[in-house]
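Okay, structure first, notes after.
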Amino acid sequence: MSVNTAAGTKYYVSANAPGTYDGTGYAALTWTQVGEITSIGEYGREFTEVTHQPLASRAQQKLKGGYQEGTMPLGLALDTDDAGQIIMRAAVNSDTAISHKIVHQNGDVDYFRGLVYSFKKNPGDLNNVVSATTNIGITTNAAGVGIVEVLAA
């Protein structure tokens, strides 16, 4: 069985772009771990449904249109001294995508470029850790490469 929990998953960022949009190009970057990540939302390629319904047959035909990689939410405990969080907070004010790396418990790695759309603080109430949420708009390059998955050996 190769089912895993999310426990032990680590999240990294790099302000640089890879030389090539593959595992080798991304692995060559210098990465900074983002501390205190508490949740990583869903992400992955999703196609737009295109429909066509000719009058003569009355039957709706479904086709795949364009695609996008999604916008991934992250939850974290706010640490204003954490180097990874500092990179993400700076990226909010930039129109340039940064590189992201997720290392799963089993050693699988997902790499991608993404725009940091938000970084919001949430003090919560008396018995909460001050937290933050951020949304990452995953991008694709001109050749259509988005998320690069490198499976553990």
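General observations
- Flag if residue 41 is crowded, with 16+ Cβ neighbours inside 10 Å and in contact (Cβ under 8 Å) with a residue 12 or more places away in the chain: no
- Candidate set: the stretch 102-153, residues that are farther than 18 Å from residue 20 by Cβ, in contact (Cβ under 8 Å) with a residue 24 or more places away in the chain and of a type in the set (D, E, K, R); chosen: the one surrounded by the most Cβ atoms within 10 Å (Cβ to Cβ): 108
- One residue stands out in the stretch 80-97 among those that are in a loop (DSSP other than H, G, I, E, B) and touching a residue at least 24 places away in the same chain (Cβ under 8 Å): the one that is nearest to residue 115 (Cα to Cα), namely 97.
- Residue in the stretch 2-18 that is more than 24 Å from residue 135 (Cα to Cα), of a type in the set (Val, Ile, Thr) and out of contact with any strand residue (DSSP E or B) (no Cβ under 8 Å at 6 or more places or on another chain) present: yes
FYI, it's all coordinate maths here, none of it is from the lab. Computed from a predicted structure; not experimentally measured. Glycine gets a Cβ as well: all are built from the backbone with ideal geometry, and neighbour counts include every protein chain shown.
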